[in-house]
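Novice: I'd like to ask you about the structure that follows.
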Amino acid sequence: MTDVAGNRGKIAVIGLGSMGLGMAVSLVRAGFTVSGCDRAPAALDAAQRAGIAAAADPAEAAREADAVVTVVVNAMQTEAVLFGAAGAVPALRKGGIAISCATMAPADARRFADATAAQGMLHLDAPMSGGSVRAAEGALTFLVSGPSATYEAARLVLEAMAETVYHLGEEIGTGAAFKMVNQLLAGVHIAAACEALVFAKRLGLDLAQVYEVISNAAGSSWMFQNRGPHVVEGDYTPRSAVEIFVKDLGIVEDIARTERFPTPLAGAALQLFLATASAGMGHYDDASDARL
């Protein structure tokens with residue numbers, strides 16, 4: 001998406017929360033003209049301070065844009081911002097690309113691709129991983145599926161937000177399936193890390209020392225190293241909320257049930273996240289499993 005003069009195009013980012021704002025800022029840093037919208041006025045204010053044009057709705061943000069990047073919570077929100085009243089897809093320039101980043105079931109990703117194509121636009125299934133810090137650094141990992149020509153057209157946009165971009169195949173939904181495998185592991189690892197740290201506390205161990213030692217031992221994981229400090233410091237400011245894993249592990253369990261595939265560890269982790277959310281901590285950091 002660079003013209004003969006070397007100018008980058010216009011990209012709309014829908015959803016300017018902890019992930020979306022960092023992604024939008026990364027696009028600005030890479031030289032794209034970026035517009036965005038979000039339901040939260042504070043998010044729009046932060047976006048404007050970062051050089052992002054604030055829009056009242058997805059259609060306004062996407063008007064004559066080369067691509068729209070949707071960074072919302074789930075499939076229902078993705079459908080609303082792409083195809084609902086004041087949806088982004090009809091506002092894109094001819095041949096524009098909808099880059100869908102929300103975690104969702106593969107069937108939903110395929111359905112949205114069909115709906116995008118029906119309006120003469122292109123679609124990529126592009127869930128990402130990495131968290132808000134990596135989003136701000138432009139260092140996410142994208143798990144992309146869709147036609148190679150569409151991927152190549154969007155590659156500079158994706159690379160502006162990413163450290164690593166995997167093109168996982170031509171079939172929409174493959175990226176979504178990869179993301180569900182990742183979320184199964186992520187949810188189980190968070191639950192295990194929280195259980196281990198609270199177990200250490202029950203044994204009377206110094207949690208800061210436990211974190212340091214285990215981070216350099218065989219029992220460590222990326223999630224232990226990333227979420228462990230939240231538990232040690234008692235800081236449950238949401239970087240990624242409990243409700244996210246209620247949703248994502250719920251999708252894993254739905255798919256597993258359809259496939260008649262047992263997922264006992266994912267099921268146990270889901271029950272822990274559900275219990276934490278039911279205790280009133282759903283919108284706190286996902287390490288709040290430890291508080292429960």
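The values are calculated or read from the model by the stated rules, or taken from the named source; none is laboratory data. The structure presented is a predicted model; accordingly, all values stated were derived computationally and were not measured. Positions of Cβ are generated from backbone atoms using ideal geometry, with glycine treated the same way; all protein chains shown enter the neighbour counts. Ligands, DNA and RNA are stripped out before the accessible areas are found, and what is left, the full protein with its side chains, is counted by its heavy atoms. Shrake-Rupley method; radii C 1.70, N 1.55, O 1.52, S 1.80 Å.
Novice: Taking the stated definitions as given, is Val71 touching a Ser or Thr at 6+ places or on another chain (Cβ under 9 Å) and on the phi < 0 side of the Ramachandran plot?
Specialist: No.
Novice: Restricting attention to segment 231-266, which residues are without any contact (Cβ under 8 Å) to a residue 24 or more places away in the chain, of a type outside the set (D, E, K, R) and farther than 18 Å from Ala193 by Cβ? Break it down into steps so the answer makes sense when it comes.
Specialist: First, the residues of segment 231-266 that are without any contact (Cβ under 8 Å) to a residue 24 or more places away in the chain: 233-234, 250, 253, 256-262, 264.
Narrowing further to those that are of a type outside the set (D, E, K, R): 234, 250, 256, 258, 261-262, 264.
Gly250, Ala256, Thr258, Phe261, Pro262, Pro264 - these are the residues of segment 231-266 that are without any contact (Cβ under 8 Å) to a residue 24 or more places away in the chain, of a type outside the set (D, E, K, R) and farther than 18 Å from Ala193 by Cβ.
Novice: Inspect segment 42-62 for any residue being open to solvent by 50 Å² or more (accessible area, probe 1.4 Å) and touching a residue at least 60 places away in the same chain (Cβ under 8 Å) and give the result as yes or no.
Specialist: no
Novice: Leu124 fails exactly one of the following numbered conditions: (1) surrounded by fewer than 24 Cβ atoms within 10 Å (Cβ to Cβ); (2) more than 16 Å from Phe32 (Cα to Cα). What is the number of that condition?
Specialist: That leaves (1) as the condition not met.
Novice: May I pose another question? Consider segment 127-152. How many of its residues are over 17 Å from Arg227 (Cα atoms), under 13 Å from the mean Cα position of the chain (by Cα) and hydroxyl-bearing (Ser, Thr, Tyr)?
Specialist: Result for segment 127-152: 1.
Novice: Of the residues Val188, Val213, Val198, which single one is open to solvent by less than 40 Å² (accessible area, probe 1.4 Å) and aliphatic (A, V, I, L, M)?
Specialist: Val188
Novice: State all residues of segment 48-92 that are small (Gly, Ala, Ser), farther than 22 Å from Val28 by Cα and in contact with a strand residue (DSSP E or B) (Cβ under 6 Å, 6 or more places away or on another chain); if no residue qualifies, say none. If you could, list the steps in order and put the result at the bottom.
Specialist: Taking segment 48-92 first, the residues small (Gly, Ala, Ser) are 50-51, 53-56, 59, 61-62, 65, 67, 75, 80, 84-88, 91.
With the extra rule that they be farther than 22 Å from Val28 by Cα, the set shrinks to 75, 80, 84-87.
Matches in segment 48-92: none.
Novice: Something else about it: Write out, first by first residue and then by second, each pair whose Cβ atoms fall under 7 Å of each other, whose residues are 6+ apart or on separate chains, and whose first residue, in segment 64-88, is closer than 25 Å to Glu243 by Cα while the second is surrounded by fewer than 16 Cβ atoms within 10 Å (Cβ to Cβ).
Specialist: Between residues of segment 64-88 that are closer than 25 Å to Glu243 by Cα and residues that are surrounded by fewer than 16 Cβ atoms within 10 Å (Cβ to Cβ), there is no close pair.
Novice: Please go through segment 130-163 and pick out each residue that is of a type outside the set (A, V, I, L, M, F, W, C) and open to solvent by 40 Å² or more (accessible area, probe 1.4 Å).
Specialist: Residues of segment 130-163 of a type outside the set (A, V, I, L, M, F, W, C): 130-132, 134, 137-138, 141, 145-148, 150-152, 155, 159, 163.
Correct list: Arg134, Glu137, Pro147, Ser148, Glu152, Arg155, Glu159, Glu163.
Novice: Checking Tyr236 against (1) open to solvent by 60 Å² or more (accessible area, probe 1.4 Å); (2) more than 22 Å from Met128 (Cβ to Cβ); (3) not in a helix (DSSP H, G or I), which test does it fail?
Specialist: Among (1) open to solvent by 60 Å² or more (accessible area, probe 1.4 Å); (2) more than 22 Å from Met128 (Cβ to Cβ); (3) not in a helix (DSSP H, G or I), Tyr236 violates only (1).
Novice: Quickly run through segment 240-269 and pick out the residues that are buried (at least 18 other Cβ atoms within 10 Å of the Cβ) and either at positive phi or outside any helix (DSSP H, G or I) (or both).
Specialist: Across segment 240-269, the qualifying residues are Ser240, Ala241, Thr263.
Novice: Would you check which residues across segment 165-185 are open to solvent by less than 90 Å² (accessible area, probe 1.4 Å), touching a residue at least 24 places away in the same chain (Cβ under 8 Å), on the phi < 0 side of the Ramachandran plot and not in a helix (DSSP H, G or I) and list them?
Specialist: Hits for segment 165-185 are Val165, Leu168, Ile172.
Novice: Scan segment 92-108 for residues that are open to solvent by 20 Å² or more (accessible area, probe 1.4 Å) and either more than 14 Å from the chain's Cα centre (by Cα) or more than 20 Å from Ser145 (Cβ to Cβ) (or both) and jot them down.
Specialist: Those that are open to solvent by 20 Å² or more (accessible area, probe 1.4 Å) and either more than 14 Å from the chain's Cα centre (by Cα) or more than 20 Å from Ser145 (Cβ to Cβ) (or both): Arg93, Lys94, Gly95, Pro106, Ala107, Asp108.
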